[in-house]
Amino acid sequence: MSFRIALFASGSGSNAENILNFFSGNQNYEFPIIISNKKDAFVHERAKRLQIPSVTFSREDFLNGENILRFLVDKKIDAIVLAGFLLKVPAVLIDAFPDKIINIHPALLPKHGGKGMYGHFVHEAVAASGDTESGITIHYVNNNYDEGNTIFQATCPVLSTDTPDMIAEKVHALEYEHFPRVIAELWG
Ligand code: GAR
């Protein structure tokens, strides 16, 4: 029996694509669906190209969670990976998938996390902070933004001359290197 993972993504979806490529041909895992909250997100283009179904749920669905839960149960999903997903995960999903929802955050939590801290905003905050390092945090998802237990962190240096774009590039490289491997080790 393969382990069935739903990917949640709100934007470009480069992490989702990297995960799909990493697990491509691995019979132990299936990725039956990509779920988004934005119907015009570029992740849908990637999904089409990779021949993975993708679907968009409304803001109301993400507030309430029941429709999404039914959908995931129907698809026999075992776990959820947030790969650049920017909304709060509804409590009914957190209750239904204990320790089976993980997120990647593009900084070293507990620094630079919380509501509104996503994507480029994070790298701007890091650049403005004077921190000499940034990195990635892969963590379990609970009912508070970015506060679930940490599974893995990796760091990269930040120079005083680095722009937010330059930090983003280093952090993305860490994401691509580690996220799929950490998923495989967690649910191997
Ligand atoms: C990634 O850097 C991910 O860590 C971040 O959004 C980006 C999505 O890029 N997630 C968060 O900020 C969550 N708080 P992608 O769509 O190209 O994978």
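Laboratory data are not the source of any read-out in this text; all were calculated from the coordinates shown. Remember, predicted model here, so these are calculated numbers, not experimental data. Neighbour counts are summed over all protein chains in view; Cβ atoms, including those assigned to glycine, are modelled from backbone coordinates with ideal geometry.
Values for this structure:
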| read-out | value |
| --- | --- |
| Check on residue 88, in a loop (DSSP other than H, G, I, E, B), away from the ligand (no atom under 16 Å from the Cβ) and either in contact with a helix residue (DSSP H, G or I) (Cβ under 8 Å, 6 or more places away or on another chain) or charged (D, E, K, R) (or both) | no |
| Failed item, numbered, when residue 152 is tested on (1) under 24 Å from residue 12 (Cα atoms); (2) in a loop (DSSP other than H, G, I, E, B) | (2) |
| Residue among 178, 172, 105 that is touching an Asp or Glu at 6+ places or on another chain (Cβ under 6 Å), closer than 30 Å to residue 72 by Cα and in contact (Cβ under 8 Å) with a residue 24 or more places away in the chain | 105 |
| Residue selected from the range 20-78 under the condition touching a Phe, Trp or Tyr at 6+ places or on another chain (Cβ under 8 Å) and of a type in the set (Asp, Glu), by the criterion farthest from residue 176 (Cα to Cα) | 78 |
| Residue identified as over 22 Å from residue 18 (Cβ atoms) and of a type in the set (Val, Ile, Thr) among 161, 150, 155 | 161 |
| Residue in the range 101-145 that is surrounded by the most Cβ atoms within 10 Å (Cβ to Cβ), counting only those that are near the ligand (Cβ under 10 Å from one of its atoms), hydrophobic (A, V, I, L, M, F, W, C) and within 14 Å of the chain's Cα centre (by Cα) | 136 |
| The range 51-63: number of residues that are within 14 Å of the ligand (Cβ to nearest atom) and assigned to a helix (DSSP H, G or I) | 0 |
